[in-house]
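The structure under discussion appears below in the form of structure tokens.
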């Protein structure tokens, strides 16, 4: 279960610094939109992206979630990718995220296929 | 050499999502103040911190640098820790950073010893 404060932060207009690991073990970080269900941090990406290829090979990720209005307060969720959702549900979720951040449906081209990535927390650290 | 745009971003009131690697290879991310000299991204921390212990063991780090005013634009600098500076110079540098971000000298207690960490870029990615 995610802490309530983490869920609230992830469901607001916050950004996530998502870090995945390359095959050689070195890290890669992307700033992304973010969401949460009751038990997971949710990220929505496309299946051709490097970060997706990384996290399917090594499920160990960390997500620093912050509201740009006050980046001094953030929550780092260290955990593992434990599931994914593709298809219509992932396509609908990116529209839902876009509406949260921009006020309208997702307007960027979709190159491959959207996927919701579910991250289960192992450690949550607030600052 | 850092790209000019990266230097400008790191020298502004930007934040860095610094990711280091634990001994087991899993990642840790901290949001931090940031700076740059001509050749390196500069981070100022204390020597007792987990991130410092991590980066002295494994010098592979990545830094996503963003201005909170527009987190859609950021630069990810993947690279290696190639040097550090302690002592008076590191103490003066945290005052300089504090002045950039808050308008005044560093007012938080110093638990151990300040250290400037120098990160040499291997790949810079703008978004």
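Below is a table of values for the structure above.
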item: Positions within region B:79-107 being assigned to a helix (DSSP H, G or I) and within 19 Å of residue B:120 (Cβ to Cβ), in sequence order; result: B:89, B:90, B:93
item: Residue, nearest to the other protein chains (Cβ to nearest Cβ), within region A:5-18, restricted to residues that are under 14 Å from residue A:100 (Cα atoms) and buried (at least 20 other Cβ atoms within 10 Å of the Cβ); result: A:15
item: Single residue of region A:81-111 satisfying the filter (more than 29 Å from residue B:14 (Cβ to Cβ) and in contact with a helix residue (DSSP H, G or I) (Cβ under 9 Å, 6 or more places away or on another chain)) that is farthest from the other protein chains (Cβ to nearest Cβ); result: A:85
item: Verdict on residue A:70 being more than 19 Å from residue A:97 (Cα to Cα), modelled with pLDDT of 95 or more and within 14 Å of chain B (Cβ to nearest Cβ); result: yes
item: Residue in region A:26-39 that is assigned to a loop (DSSP other than H, G, I, E, B) and either modelled with pLDDT under 95 or within 10 Å of chain B (Cβ to nearest Cβ) (or both) present; result: yes
item: Answer from A:21, A:42, A:2 - the residue that is away from every other protein chain (no Cβ under 12 Å) and over 13 Å from the mean Cα position of the chain (by Cα); result: A:2
item: Residue within region B:54-61 that is surrounded by fewer than 16 Cβ atoms within 10 Å (Cβ to Cβ) and touching a residue at least 12 places away in the same chain (Cβ under 8 Å) present; result: yes
item: Enumeration of residues in region A:112-127 that are touching a helix residue (DSSP H, G or I) at 6+ places or on another chain (Cβ under 9 Å) and within 19 Å of residue A:14 (Cα to Cα); result: A:116, A:117, A:119, A:121, A:124, A:126
item: So residue A:56, is it closer than 27 Å to residue B:55 by Cα, more than 9 Å from chain B (Cβ to nearest Cβ) and assigned to a helix (DSSP H, G or I); result: yes
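Listed here are the residues, each with its yes/no results for (1) touching a strand residue (DSSP E or B) at 6+ places or on another chain (Cβ under 9 Å); (2) surrounded by fewer than 17 Cβ atoms within 10 Å (Cβ to Cβ); (3) modelled with pLDDT under 95.
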position	(1), (2), (3)
B:75	yes, no, no
B:88	no, yes, no
B:93	yes, no, no
B:102	no, yes, no
B:106	yes, no, no
B:113	yes, yes, no
B:116	yes, no, no
B:122	yes, yes, no
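The values are calculated or read from the model by the stated rules, or taken from the named source; none is laboratory data. Predicted, not measured: the structure shown is a model, and the values here were computed from it. Cβ: placed from backbone, ideal geometry, glycine included. Neighbour counts: every protein chain shown.
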